1. Please determine whether any residue of the range B:2-22 is at positive phi, at pLDDT 95 or above and more than 7 Å from ligand 2 (Cβ to nearest atom).
2. Identify, please: which residue in the range B:37-60 is farther than 22 Å from A:LEU237 by Cα and more than 9 Å from the chain's Cα centre (by Cα) and is, among those, nearest to the other protein chains (Cβ to nearest Cβ)?
3. Going by what's in this entry, would B:SER29 be described as over 19 Å from A:GLU229 (Cβ atoms) and either within 10 Å of ligand 3 (Cβ to nearest atom) or at the interface with chain A (Cβ under 9 Å from one of its Cβ atoms) (or both)?
4. If you take the residues of the range A:227-251 that are open to solvent by 70 Å² or more (accessible area, probe 1.4 Å) and of a type outside the set (A, V, I, L, M), which of them is nearest to the other protein chains (Cβ to nearest Cβ)?
5. Looking only at helices (runs of 4 or more DSSP H) that lie completely in the range A:226-336, which have at least 3 residues being modelled with pLDDT of 95 or more and assigned by TED's automatic domain parsing to the domain that holds A:CYS178?
6. Condition check: more than 8 Å from chain B (Cβ to nearest Cβ) and touching a Cys at 6+ places or on another chain (Cβ under 6 Å). Does A:PHE210 satisfy that?
7. Any idea which of (1) crowded, with 21+ Cβ neighbours inside 10 Å; (2) within 8 Å of ligand 3 (Cβ to nearest atom) is the one B:CYS45 doesn't satisfy?
8. Whether any residue in the range A:241-251 is away from ligand 1 (no atom under 16 Å from the Cβ) and among the aliphatic types (A, V, I, L, M) is what I want to check.
Amino acid sequence: MKYDVVIIGSGPAGSVTARFAADGEAKVLVIERRAEVGVPILCGEGISRKIDEWKIIEGKRWIAGRMDGARIYSPDKTCVTLGAEQAGDETGYVVYRDIFDQELARNAIKAGATFMMNTQAIGLIKEGDKIKGVRAKRFDGELKIEADIVVGADGVESKIGQWAGIDTRLDPKDLETCAQYTLTNIDVKDAYCDFYLGKEIAPGGYVWVFPKGKNIANVGIGILASLSEAGRAKKLLDDFIAKDPRMKNSSPIRFLAGAVPVANPVETVRDNLILIGDAARHVDPITGGGLTHCLEGGKIAGEVIAKAVKAKNFSQGFLSEYETRWKEAFGQKIKRNYLVKELMLDMDDKTFNKLANALKDVKFEEISTHSLVKEVAKHLPISAKLNALIKYRKEIKEIKKK
Amino acid sequence: MGKPKANVDKKKCLACGGCISVCPQDAISWIGNKAEVNPEKCISCAICIRTCPIGAISGEGY
Ligand SMILES: Cc1cc2nc3c(=O)[nH]c(=O)nc-3n(C[C@H](O)[C@H](O)[C@H](O)COP(=O)(O)OP(=O)(O)OC[C@H]3O[C@@H](n4cnc5c(N)ncnc54)[C@H](O)[C@@H]3O)c2cc1C
Ligand code: SF4
Ligand code: SF4
C-alpha cells in the first residue's frame, strides 16, 4: 500500500488534516484503532462559536445546545460571570462529540480521503533514519503502509512522535487526569457553563457543568496528575455530585475517564513527519480545550501537506510552514496560558477568593481566557506578580539556551 | 526482590490514555484497545498508578 500521506488517528485533528490535504489532491489514508469514529466520547464537548466563521463543519446535527456564557466559582463560591449579555454573541456550543467527529470524517471522505478502522499503528517504517510509512495491526494481521508523509494525530496517548525521536512524554504536572458523567434529570436552569475551582474540589484543575439541553449536562473533573492518587479524580467528582442539590435526583447515562495535556507544545515537524492536535500538545493549558486548535491546525497542516505533495518536497524545511503558521494562529496563546497555569498552581484558595471578589462585578467584553487573564492581572497580589515575572524570565532563559 | 510492576485491570480501564502519556519509560501501550504495561520496561515508579482517574492500575507494595 502506498499513499502520499498516512494519518494516524481519526479525531478532529486527523480528519480536518485529511480533508484539506485531500482537497489539495493528495492521496490520503487515515487509520484508526477504534471501531467507530468518535466513539467512545472522551470530552466535555464545549466549543467556542468562532468555529462558525471557519466553515469547517456545517449543519446543526452535532450541536446539543447553545452556550450563553460561563460562570467561574471560587472556593468560597464567589461567582465571576462571563456572559452573553456582556459579550454579544461570542459564546459557544455544547456538542455531541461522536456526531461532531463523524461529520469531520465525512467531509474528509467527501474530499477524497480513505479511512481504515480497527487499524492500529504499531511502529514506523524506516530506511536508516528516513521515515517511509507506518506498520499497523489490523485484527490478527500486520500491514505495511508506505507514505511520503506520516501525520501523528493520535491524541494524548501519542506514540508517533516518540517513534520519530521527539520526546512527547508528559510530566505529571502537565497532564489533567479526568472523569466525567453525563447526568440526566439534573436541575440546570440556563445555558451557562459552570466551573468550580479549589484545592479541595479539584487540585490543579476544576469541576465543570456543561448543560447539553434541558435536564442533561456533562459534569466532569480534571485534576493535575502530579496531585492525583489512584482513583482520586473519580472520587472527588462523586463527592462534588453528592453535595450538589441540583444533582440530587440525577442519574448518569455515560461515564468516562479522560486525559488532557496542559503542556507546552512539542516540536511538530521532521522530515516526512507532522504532529498535530493533542499529539502535538495543542491544548489551552488553562481551559484544557483543544478542539478549536485541531480545526485551525488541521486546516494549516492539510494545506501545507497538499503543497508538499505537489512540490514532491517532504523535508522538515518545507513542512515547517505548518509550524510557523500554527505558532502564529495559537502558539503564543498556549505559551502565555501555560505560564498562567503555572502561576495559578502557586495560588492558594484565599487568593482565588480575593480575585473572584474583585472580579465579580466586572463586565467582560468577550468570553475568552485572554480577557479574563487581563483582568486577573490587574488584581493580582504583588507577590504573585513577582512570581510570574521570575517564572517568565526563567522560561525566556531556557528558550534562549535552546 | 524488586518492587512489583504496574498492572492494568483491563476490565476497569476506560482507555483514556493518561497513563501512556506520563509513563517515563514509555512502557504502556494499547493492546486490544486497553492500556497494557510491558513489565520488561516498567521501573515501578507508580506514576501511572497515581494518574489513573478511576484507579484501574495497581502494583502492590507502594
Ligand atoms: C474529559 C475531557 C474533557 C474535554 N473537554 C473539552 C472541551 O469541552 N472542549 C474542548 O475544546 N476540548 C476538550 N477536551 C480536549 C479535546 O477532547 C481534545 O483536545 C481533542 O479530542 C483532541 O483531538 P485529537 O484529534 O488531537 O485527538 P483525539 O480526539 O484523541 O483522537 C485521536 C485518535 O487517534 C486514535 N489513535 C491513537 N493511537 C492510535 C494508533 N496507534 N493507531 C491508530 N489510531 C490511534 C485514537 O483512537 C483517537 O481516535 C477534553 C478532553 C477530555 C479528556
Ligand atoms: S489511566 Fe486508567 S483508564 Fe486511562 S488508559 Fe490508563 S488504565 Fe485505562
Ligand atoms: S510504574 Fe512507572 S514505569 Fe511502570 S508502567 Fe507505570 S509509569 Fe511506567
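1. To start, the set of residues in the range B:2-22 that are at positive phi comprises B:15, B:17.
Those left that are additionally at pLDDT 95 or above: B:15, B:17.
When the remaining residues are screened for being more than 7 Å from ligand 2 (Cβ to nearest atom), the result is none.
No, the conditions are met nowhere in the range B:2-22.
2. Ranking the qualifying residues of the range B:37-60, first place goes to B:CYS45.
3. On the way: over 19 Å from A:GLU229 (Cβ atoms): yes; either within 10 Å of ligand 3 (Cβ to nearest atom) or at the interface with chain A (Cβ under 9 Å from one of its Cβ atoms) (or both): yes.
Here the answer is yes, as B:SER29 does meet what is asked.
4. Among them, the one singled out is A:GLU229.
5. Working: elements: A:232-243, A:291-311, A:316-326.
Filter on the range A:226-336 gives A:232-243.
6. Numbers: more than 8 Å from chain B (Cβ to nearest Cβ): yes; touching a Cys at 6+ places or on another chain (Cβ under 6 Å): yes.
Answer is yes for this residue.
7. Failing condition for B:CYS45: (1).
8. Of the residues in the range A:241-251, the ones away from ligand 1 (no atom under 16 Å from the Cβ) are A:242-251.
Then keep just the ones that are among the aliphatic types (A, V, I, L, M); that gives A:242, A:247.
Taking every residue of the range A:241-251 in turn, at least one turns out to be away from ligand 1 (no atom under 16 Å from the Cβ) and among the aliphatic types (A, V, I, L, M).
The values are calculated or read from the model by the stated rules, or taken from the named source; none is laboratory data. On a predicted model such as this, the values are computed, not experimentally measured, just so you know. Positions of Cβ are generated from backbone atoms using ideal geometry, with glycine treated the same way; all protein chains shown enter the neighbour counts. For the accessible areas, the whole protein counts, side chains as well, though only heavy atoms, and no ligand, DNA or RNA atoms are used. Shrake-Rupley method; radii C 1.70, N 1.55, O 1.52, S 1.80 Å.
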